[in-house]
Amino acid sequence: MEKKLLVGITGASGAVYALFFLRKLREISIPCEVIITDAGKIVIKHELEMDWRALGEYAEKIYGEREIGAPPASGSAPYLGLVIIPCSMGTLAGIATGQARNLLLRAGDVTLKEKRPLVLVVREAPLNSIHLQNMLTIAQAGGVIFPAMPGFYNRPKTLEELVEHFVERLLQFMSQFIDVKGNWKAWKGLE
């Protein structure tokens, strides 16, 4: 059975990161499924001026957060891992405190319990002490906090170049556990 990467999209600002990430996964032939929150649907419409359903072009399946019985809710579903991009502070808090009250939070919980890669592309500023504590909790549980902090050393000339460079950095990091054929490697986050 072919393993897929699970991608979560929340209502945090930065929907463009999700779009570019999904496009790149398709370009490099890594199959994925998406879980999108209700707030994520609203932000995609507002920031990208597109309907969230258009993301189906880049994903094999899109789940809504209320589809709690969908495959991502089960540890027996063979996903490569979960990347939440962008990740809201509410989703971060829900995963950090084990609140599996919707499909995305349950998928985060399952990813940690199955010791699969969990990468949260958090998007918020400024951060309060609760946000920071939740990030520490996720890191201690084996997840990775990968903030949406684009670099400027490559001298981007457009917003697209800035986002593309960030997505390339994220994929380079992820190459630790997903090879170019989309196969899962041992996760090094829990040594």
Checking K45 against (1) under 14 Å from the mean Cα position of the chain (by Cα); (2) part of a helix (DSSP H, G or I); (3) not aromatic (F, W, Y): exactly one of these is not met. Which one?
(1)
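Each row is one residue, and each column tells you yes or no for (1) under 13 Å from V7 (Cα atoms); (2) among the hydroxyl-bearing types (S, T, Y); (3) assigned to a helix (DSSP H, G or I).
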residue: A59; (1), (2), (3): yes, no, no
residue: E67; (1), (2), (3): no, no, no
residue: T111; (1), (2), (3): yes, yes, yes
residue: L136; (1), (2), (3): no, no, yes
Please count how many residues of the range 1-27 are outside any strand (DSSP E or B) and over 23 Å from A93 (Cβ atoms).
12
It is to be established whether one or more residues within the range 145-167 are modelled with pLDDT of 90 or more, closer than 26 Å to Q99 by Cβ and in a helix (DSSP H, G or I).
no
Do we find that G8 is touching a strand residue (DSSP E or B) at 6+ places or on another chain (Cβ under 6 Å), buried (at least 24 other Cβ atoms within 10 Å of the Cβ), in contact (Cβ under 8 Å) with a residue 60 or more places away in the chain and not charged (D, E, K, R) in this structure?
yes
Among the listed residues L127, L92, identify the single one that is without any contact (Cβ under 8 Å) to a residue 12 or more places away in the chain and within 15 Å of A12 (Cβ to Cβ).
L127
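Per-residue answers, yes or no, for (1) touching a Gly at 6+ places or on another chain (Cβ under 7 Å); (2) free of Cβ contacts under 8 Å to residues at least 24 places away in the same chain; (3) of a type in the set (A, V, I, L, M, F, W, C):
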{"position": "A139", "(1), (2), (3)": "no, yes, yes"}
{"position": "G142", "(1), (2), (3)": "yes, no, no"}
{"position": "F146", "(1), (2), (3)": "no, no, yes"}
{"position": "F152", "(1), (2), (3)": "no, yes, yes"}
{"position": "K157", "(1), (2), (3)": "no, yes, no"}
{"position": "V163", "(1), (2), (3)": "no, no, yes"}
{"position": "V167", "(1), (2), (3)": "no, no, yes"}
{"position": "L171", "(1), (2), (3)": "no, no, yes"}
{"position": "M174", "(1), (2), (3)": "no, no, yes"}
Those residues of the range 28-40 which are buried (at least 19 other Cβ atoms within 10 Å of the Cβ) and outside any loop (DSSP other than H, G, I, E, B) amount to C32, E33, V34, I35, I36, G40
Residues of the range 141-174 being more than 18 Å from the chain's Cα centre (by Cα) and not hydroxyl-bearing (S, T, Y), in sequence order, are G151, F152, N154, R155, P156, K157, L159, E160, E161, L162
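The values are calculated or read from the model by the stated rules, or taken from the named source; none is laboratory data. Owing to the predicted nature of the structure, the values given are computational and were not obtained by experimental measurement. So basically every Cβ, Gly included, is an ideal-geometry build from the backbone, and we count neighbours across all protein chains shown.
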